[in-house]
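Enquirer: This is the structure I want to talk about, given as structure tokens.
Derivation of every value follows stated rules applied to the coordinates shown; laboratory data play no part. Bear in mind that the values here come from a model prediction, so they are computed numbers and not experimental data. Quick reminder, even Gly has a Cβ in these numbers, built from the backbone with ideal geometry, and neighbours come from all protein chains shown.
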Amino acid sequence: MRAPWIVPSVLNADPGRLYEEVERLDAAGVDAIQWGRDGRALRAQPHLRPEFIKACRDATDVPYEAHLMIEVPERWIDQYVEAGCETVIVHPEASVHLHRTLQEIRRMGARAGVALNPSTPLEAIRHVMGSIDHLLVMTVNPGFGGQAYIAEMEPKIAEARRMIDATGRDIPLEVDGGHLLGDHRRCRRCGSRHLRGRLALFRNPDGIAACVAECRAILAATTEAEAGSPISAIAGGK
């Protein structure tokens, strides 16, 4: 079974030292870095714009993913791909023609991802699974950090795992939002493979590397039987 991934978000990184923050994440051994864009908060978070992502692209070789929590994401896909994001994640709630959007992401050479808000059912993506390369289940409502993990999403994560397995394809299943270290293991048991984190990493008193190491130790302690069917990655919490 593939080891789970740790995929930190840079939302809580120091905007004035963004390049150095990415270097710190790289040195800590993270598996990918997520750049999330919330349209309502963009003015307060200019460091998440494509030009800043591009300026930090040579700070690390790990993959970048863009999580576009914005309406009409089609307007921005090309900029994030050109900035160096290998995966672009959009929301079905914000994209009127989701299939067309996913195809456009692929046409630009990136992996097409979909994120589901807590209230959005998996049925919203059932008929476009053939166009999805990455699936993200939100365990908080997008918009701001520091929210509590929504444990009611765990059956949804398990159902998403079964849906992916039915396709016979290796689609990473990621969870994002509110994770404490104990929550990571619960998500893994449900079938997630990517954990997204931001507060847990940048505010850890022992530093980013120590937090990543602790996450990996907890996830490694989850046996294959506990984790269920093979999964692909896990990202830490918002």
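Enquirer: Between Val72 and Gln147, what is 0.36 nm times their sequence separation minus the Cα-Cα distance? Round to one decimal in nm.
Expert: So the extension gain works out to 24.5 nm.
Enquirer: May I pose another question? Which FRET efficiency, nearest 0.05, do Asp61 and Glu159 yield, Cβ-Cβ r, R0 30 Å?
Expert: About 0.30, to the nearest 0.05.
Enquirer: Still on this structure: Check Arg111: other-chain or 5+ apart residues with amide H under 5 Å from its amide H, H built from backbone geometry?
Expert: Thr87, Val88
Enquirer: What does the charge count near Ala209 come to, summing +1 for each Lys or Arg and -1 for each Asp or Glu among other residues with Cβ under 15 Å from its Cβ?
Expert: The answer is -4.
Enquirer: Mind listing P(r) for region 114-176? All alpha-carbon pairs, 10 Å bins, whole percents.
Expert: 21, 56, 20, 3
Enquirer: Computed on alpha carbon atoms, what radius of gyration and Dmax characterise region 4-160, expressed in Å?
Expert: 15.1, 43
Enquirer: Amide H of Leu136: which non-local residues (sequence gap of 5 or more, or other chain) have their own amide H closer than 5 Å, using H built in the peptide plane?
Expert: HN-HN under 5 Å from Leu136: Val114, Ala115, Leu116, Glu174.
Enquirer: Now for a different question. Near the amide H of Ala32, under 5 Å away, which other amide H atoms are found, from residues 5 or more places off or on another chain, if H is placed in the peptide plane?
Expert: Ile6
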